[in-house]
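The structure under discussion is supplied below as structure tokens; questions concerning it will follow.
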Amino acid sequence: VISGCGPAETAVFGAAHRGRPLHEDTLFRVESISKPVTAWGVARLVQAGALSFDAPVAGLLGSAAPPGLGPAGEALTLRHLLNHTSGLPIGDFTARFPPAGPVPPLAGTLEREVVPRGVPGARFSYSDTGYNLAELVIEQATGADFAAVMMREVLDPLGMRDAGFDWTEETGARIATGHDLAGRPVPPYVYPGRASGGLIASAGDIAAFARAELGCDD
């Protein structure tokens, strides 16, 4: 719970898995809260001069651009990807895979899903695909894995100690079990793209991010 810029207080209730109680360091899939974290990372890279909000995505990706992007890639920018005005479809958010793999590579997924449906900048249309394309841009610009870049640029500096975009053995031991609308446990899963919904974090990590977005730690 955050009150203005006062201290964050964390309280936990309920069960993490089969009666095991939640703890303050229990991990959760935070799904689309991943998007503002990704956007923060992009902003850091823009500040460092490694990226530009308004450079054409086609130029940023070069030969790595998905074939379906076509001429739209010359008008499409990171700004469009981040504010959901890219004209790209939402993507298949039901494409989930066991953490142990195999997981399809992001590039192959984007080849199928990057099919422009509108003019960049024309209107708002929520898009996981846009954020996952931004993930590819980040990797091309930095020459590093997306998860490592986010750790360096966002998670470590903001004190999000338990957060990460990669699934590890420790993740499996600490993550809470989700349930569907019928009350059935949802098996662990990962997505091919991480930028749109792949962040795993504790409640305290998300509180730290919220405080930073409010400017509480300036």
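The values are calculated or read from the model by the stated rules, or taken from the named source; none is laboratory data. This one's a predicted model, so the numbers in the text were calculated from it and none came from an experiment. Virtual Cβ from ideal backbone geometry, glycine too; neighbours counted across all protein chains shown. Heavy atoms of the whole protein, side chains included, go into the accessibility calculation; ligands, DNA and RNA do not. Shrake-Rupley method; radii C 1.70, N 1.55, O 1.52, S 1.80 Å.
So if I restrict to the alpha-carbon atoms in segment 124-196, what is the Rg, and what is Dmax, the biggest pairwise distance, in Å?
According to the Cα coordinates of segment 124-196, Rg and Dmax are 14.7, 43 Å.
Summing -39500 (n - 2.57) over the DSSP H runs of n ≥ 4 in the chain and dividing by its residue number, what mean residue ellipticity at 222 nm do you reach, to the nearest 500 deg cm²/dmol?
Values: 9 runs with 73 residues, N = 218.
That calculation yields -9000 deg cm²/dmol at 222 nm.
Still on this structure: Per residue of segment 37-45, in order, report the coupling 6.51 cos²θ - 1.76 cosθ + 1.60 (Karplus, θ = phi - 60°) as ³J(HN,Hα) in whole Hz, putting x for Gly and Pro.
5, 4, 4, 4, x, 4, 4, 4, 5
What is the sum of charges, Lys and Arg at +1 and Asp and Glu at -1, for the other residues whose Cβ falls under 14 Å from the Cβ of residue 101? Mind showing how you got there, number by number?
Details: positive: 96; negative: 166, 169.
With Lys, Arg at +1 and Asp, Glu at -1, the neighbours total -1.
What is the packing order of peptides 64-71, 94-101, taking the mean over residues of other C-beta atoms within 10 Å and listing the highest first? Numbers along the way, then the final one.
Numbers: 64-71: 15.1, 94-101: 12.0.
Output ranking for 64-71, 94-101: 64-71, 94-101.
Quick one: grab the alpha carbon gyration tensor of segment 57-180, order the square roots of its eigenvalues as a ≥ b ≥ c, and give me rounded if a/c is under 1.5, else prolate or oblate depending on whether a/b is larger than b/c. Write down the numbers at each step before the final one.
Working: a/c = 1.87, a/b = 1.58, b/c = 1.19.
Taking the square roots of the gyration eigenvalues as a ≥ b ≥ c, segment 57-180 is prolate.
Quick check on segment 18-99: what does the Kirkwood estimate of hydrodynamic radius come out to from the alpha carbon pairs, in Å?
Working: mean 1/r = 0.0646 Å⁻¹.
This gives a value of 15.5 Å.
Amide H of residue 27: which non-local residues (sequence gap of 5 or more, or other chain) have their own amide H closer than 5 Å, using H built in the peptide plane?
The list, which skips near neighbours in sequence, is 175, 176.
I would also like to ask the following. For the chain, set up a Gaussian network in which alpha carbons nearer than 10 Å are linked by springs, and say which option among 16, 195, 122 fluctuates the most.
In the Gaussian network model the winner is 122.
How much of the calculated P(r) for segment 173-218 lies past 16 Å, in percent of all Cα pairs?
Numbers: 613 of 1035 pairs.
The share of Cα pairs beyond 16 Å in segment 173-218 comes to 59 percent.
In addition: So what is the accessible area of segment 63-194 per residue, in Å², with the probe set to 1.4 Å? Could you put the intermediate results ahead of the total?
Working: 6740 Å² over 132 residues.
For segment 63-194, the per-residue accessible area is 51 Å².
Here's something else I'd like to know. Once the other residues with Cβ under 13 Å from the Cβ of residue 30 are scored (Lys, Arg +1; Asp, Glu -1), what is the net sum? Write out the running numbers ahead of the final one.
Values: positive: 29, 35, 194; negative: 31, 162, 205.
Once all neighbours under 13 Å are counted, the net charge is 0.
Right, something else. Would you calculate the volume per residue, in Å³, of the smallest convex hull containing every Cα atom of segment 57-120?
Numbers: hull volume 6.1 nm³, N = 64.
Here the figure is 96 Å³ per residue.
Ranked highest first by the average count of other Cβ atoms within 10 Å around their residues, in what order do 107-116, 145-154, 172-181 fall? Write out the running numbers ahead of the final one.
On the way: 107-116: 18.0, 145-154: 20.4, 172-181: 12.6.
Result, highest mean first: 145-154, 107-116, 172-181.
Positive end of the charge dipole of the chain (Lys, Arg +1 and Asp, Glu -1 on Cβ, about the Cα centre): tell me which of 32, 89, 62 has its Cα farthest that way.
Result: 89, furthest along the dipole toward the positive end.
Tell me, what % of the accessible area of segment 69-170 is carbon and sulfur with a 1.4 angstrom probe?
With neighbouring chains kept in place, the figure for segment 69-170 is 54 percent.
Segment 41-89: percent of C-alpha pairs farther apart than 18 Å? Don't skip to the answer; put the middle values down first.
Working: 322 of 1176 pairs.
Value for segment 41-89 (Cα pairs over 18 Å): 27 percent.
If the elastic network links every pair of Cα atoms under 10 Å, which of 73, 118, 204 fluctuates the most in the Gaussian network model of the chain?
Of 73, 118, 204, the most mobile in the Gaussian network model is 118.
With +1 on each Lys and Arg Cβ and -1 on each Asp and Glu Cβ, how big is the dipole of segment 1-148 about its Cα centre, in debye rounded to the nearest 20? All intermediate terms of the calculation are to be shown ahead of the outcome.
Working: 10 positive and 13 negative charges, 54 e Å.
In total the dipole reaches around 260 debye.
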